[in-house]
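A short reminder: the numbers here are calculations on the coordinates, not readings from a lab. Please read all numbers here as calculations on a predicted model, not as lab measurements. Every residue, glycine as well, gets a Cβ built from its backbone with ideal geometry; the counts of neighbours run over all protein chains shown.
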Amino acid sequence: MAVTRVICANVIDDELAESLLTIFEGHPNFKQLMYSALYDEVHRTQTVETLFRVDSMATKLMKKYTKKYGATWIIDTLRKPIEKIWY
């Protein structure tokens with residue numbers, strides 16, 4: 001995971017975030033990748049008000065992950081309650 005820390009610290013790119021997500025998502029070290037990116041973001045942030053507000057690798061990874069899996073989760077979670085209200 002040291003390699004990803006070096007990459008994440010020096011390169012902030014949407015395509016790199018997408019590639020890292022694709023490479024690691026099925027790998028046992030996926031959680032470690034996310035943890036490392038988020039850990040570095042928290043420890044580099046100087047004030048609480050700016051935490052996760054910078055366009056960093058951690059925020060890019062989280063955005064890519066939530067876009068990829070978030071819609072399915074929201075639909076699965078809210079489908080039945082909405083159907084009860086709607087129909």
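So the values come out like this:
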read-out	value
In nm, spacing of pseudo-spin labels at N29 and A71 (7 Å Cα→C-beta vector)	3.0 nm
Top positive-direction residue, dipole computed over region 2-86 with Cβ charges, set P81, M62, L21	P81
Relative contact order %, region 2-86, counting alpha carbon pairs below 8 Å whose residues are six or more apart	34 percent
